[in-house]
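Working notes for the structure below.
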Amino acid sequence: MSKTLKLILGDQLNSNHSWFKTTDDFVTYILMEIRSETDYATHHIQKVVGFFAAMQAFSNELRAKNHQVMYIHLNDTSNLQSFEKNIQNLISKHNFTHFEYQFPDEYRVDLNLKKLCESLTITSSVVDSEHFFTTRKELGDFFEGKKIYLMESFYRAMRKKHNVMMHDDKPLTGQWNYDGDNRKKLPKDHKPTPPFVFNNDVSDIYNEIAKTNVKTIGTIDTTNFVWPINRVQSLQLLDFFAKECLQLFGSYQDAMTPNEWSLYHSRISFSMNVKMISPKEVIDRCIEEWCKRPNEIEFNQLEGFVRQIIGWREYMRGIYWNKMPEFATMNFFNNQEKLPDWFWTGKTKMNCMKDAINQSLEYAYAHHIQRLMITGNFALLAGIHPDEIDAWYLGIYIDAIEWVEITNTRGMSQFADGGIVGTKPYVSSASYIDKMSNYCGTCFYKKALKTGEKSCPFNSLYWNFYDRNEDKLAKNPRIGMMYNVWRKMKPDDKTAMLQQAEYYLKNINEL
Ligand code: FAD
Ligand code: SF4
């Protein structure tokens, strides 16, 4: 009888996996807290704590169901601090005769585990993680031979294939996409819905991390840790979203305000990315809520949410497996600058940036438009090297795992892939930020000024970006219009704006 060791990675906490359908005395599961994972990026302290807390809860859940589980803690003396070394050690110590793991979602880990299996003297196998709607290869097959990987066509195919909000092979309401209805600014008298948060005590885990020299960023309240750390809490958070936020999700999905850190967003990405909950469960729960309250929840709210998950999330995973490892080195604009120091402290006079960064340091969370149109927008306008930007995003967010971070950062936000994920760069001047938020009114900088001491940096940097990258962008049919505007500007105005941008770029740490 073979004695099997099965590896559960920190983002594979899926209680519904077929591995756990039956108990088996000849199978032992292993989870491990290791330095190779805490140290491959400078993570937010809440991210490290959140992963370890969820892993510990998951191992307890498995033990309670009579599975045999080994758990290596960060400071265990026998911990060799890498998957490969710990696995090899356990195999020889406990005489395992077979090793099995689930397909990792990260290229680096995938490669390491493949190499490990080649070096083992026992047999090994790999199984699906049973989480996503799609396989790793599916997007590549879907777009075979195509130059443009249009998310919308993939999304529609997903809806058809999985029969999501469909009727007789047609979209349920006759319309596929309601994005046009989903870009509202918050009304002046908007009353915040307090976010549903947890008060988990994670002091023990925090203290263990504090004993080491693991480098982290951000802050944490160790007795009131707000993030879900097990499946039950993940389901509670989802329930809160479906009942309290879904009805306004789409409308205010792009809105920003300094007074609310999560607005009508679900904050379910961490639970989903570590697989405490599946994307199917998430959309099924929301569709169920819409069916119960069709008069209160407009269809555009539901469709906007479902598209993020069955569309964007699956699409990004497909792009990752289709384009790695080349994707990780793409730098279409050849940007070379360093991130300003205040990205790590939030100490800037720019209100919008200050709020997005401080919130990220406090909660390890920012919603999509803060990531895309505030921090990402600024970084692209300032010509920051995509490696620097990736490292920041991969570290700071609790939901940041490379497959979904890099495709969003290097792809969607920085256009470093030259247009695989997006058809044009997501950049804007102050006018978009002002339209979607109420940051500008109280900012040190003036949104309407393009030059001068108090001119908003987004304005001059925006035109500087277009000017600098004309050879790469002017032929893009979605951008040509911007170059017509730029060319029609008075030469003196253009020169003044470029000089202003140059000044800001030279003094970027003072902004
Ligand atoms: P909601 O706004 O409530 O959306 C619901 C769900 O839809 C999310 O939980 C997420 O699973 C999915 N989703 C929405 N947009 C995207 C998207 N563009 N790509 C993939 N899934 C999406 N998401 C991560 O999970 N991890 C990351 O590291 C990450 N990095 C990002 C970096 C940048 C520069 C940008 C622009 C986006 C990034 N995103 C990332 C996507 C998105 O911002 C987050 O998924 C979302 O903000 C998570 O918060 P939420 O759960 O409240 O999302
Ligand atoms: Fe941001 Fe400029 Fe508005 Fe200030 S004025 S909040 S820097 S967009």
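Taking each residue as 0.36 nm, the span from T219 to S82 lengthens on full extension beyond its C-alpha to C-alpha distance by 46.7 nm. Antiparallel beta bridges, as assigned by DSSP with both residues in the chain, represent about 10 percent of the total such bridges. When the charge dipole of the chain is built from unit charges on Cβ atoms (+1 for Lys and Arg, -1 for Asp and Glu) and taken about the Cα centre, the candidate among F133, S278, N469 whose Cα reaches farthest toward its positive end is N469.
Dimensions of segment 304-385 from C-alpha coordinates, computed as largest minus smallest value along each principal axis and given longest first, are 39, 33, 18 Å. In sequence order, segment 425-442 has phi-based couplings of x, 8, 10, 7, 8, 5, 5, 5, 4, 5, 5, 9, 8, 10, 7, 5, x, 10 Hz under the Karplus curve 6.51 cos²θ - 1.76 cosθ + 1.60, θ = phi - 60°, and Gly or Pro positions carry x. Charged neighbours of A496, selected by a Cβ distance under 12 Å, balance to 0 (K, R count +1; D, E count -1). At full extension, E470 and N66 could sit 139.1 nm farther apart than now, given 0.36 nm per residue minus the alpha carbon distance. Only aspartates and glutamates eight or more places from K349 in sequence, or on another chain, were considered; those with a Cα closer than 12 Å are E510. With the simple spin-label model, which puts each label point 7 Å out from Cα in the Cβ direction, the E118 to S92 separation comes to 2.1 nm. Here the spin labels are modelled as points 7 Å beyond Cα on the Cα-Cβ line, and at E510 and N199 they lie 4.7 nm apart. Close amide H pairs (under 5 Å, H built 1.01 Å from N) link I217 with H43, H44, I45, residues at least 5 positions away or on another chain.
Across segment 4-127, Cα-Cα pairs farther apart than 20 Å form 42% of the total. Over the C-alpha atoms of segment 341-510, the Rg to Rh ratio, Rh being the Kirkwood estimate, stands at 0.95. Averaging 1/r over each pair of different alpha-carbon atoms in segment 64-222 and inverting the result gives 22.0 Å, the Kirkwood hydrodynamic radius. Computed over the alpha carbons of the chain, Rg followed by Dmax gives 23.8, 82 Å.
Put simply, the amide H of Q68, placed in the peptide plane, has neighbours under 5 Å in D24, Y29, leaving out anything fewer than 5 places away on its chain.
Counting only lysines at least 8 places from K280 when in the same chain, those with an alpha carbon closer than 27 Å to its own are K6, K21, K47, K65, K137, K160, K161, K170, K243, K292, K323. Place +1 on the Cβ of every Lys and Arg and -1 on the Cβ of every Asp and Glu in segment 35-120, take the dipole about the Cα centre, and give the residue among N89, P104, F51 whose Cα lies farthest towards its positive end. Most positive-ward Cα: N89.
All of the numbers you see were taken from the coordinates with simple rules; none came from a lab. What you see is a predicted model; the values in this text were computed from it and never measured. As a convention, Cβ positions derive from the backbone with ideal geometry for all residues, glycine included, and neighbour counts pool all protein chains shown.
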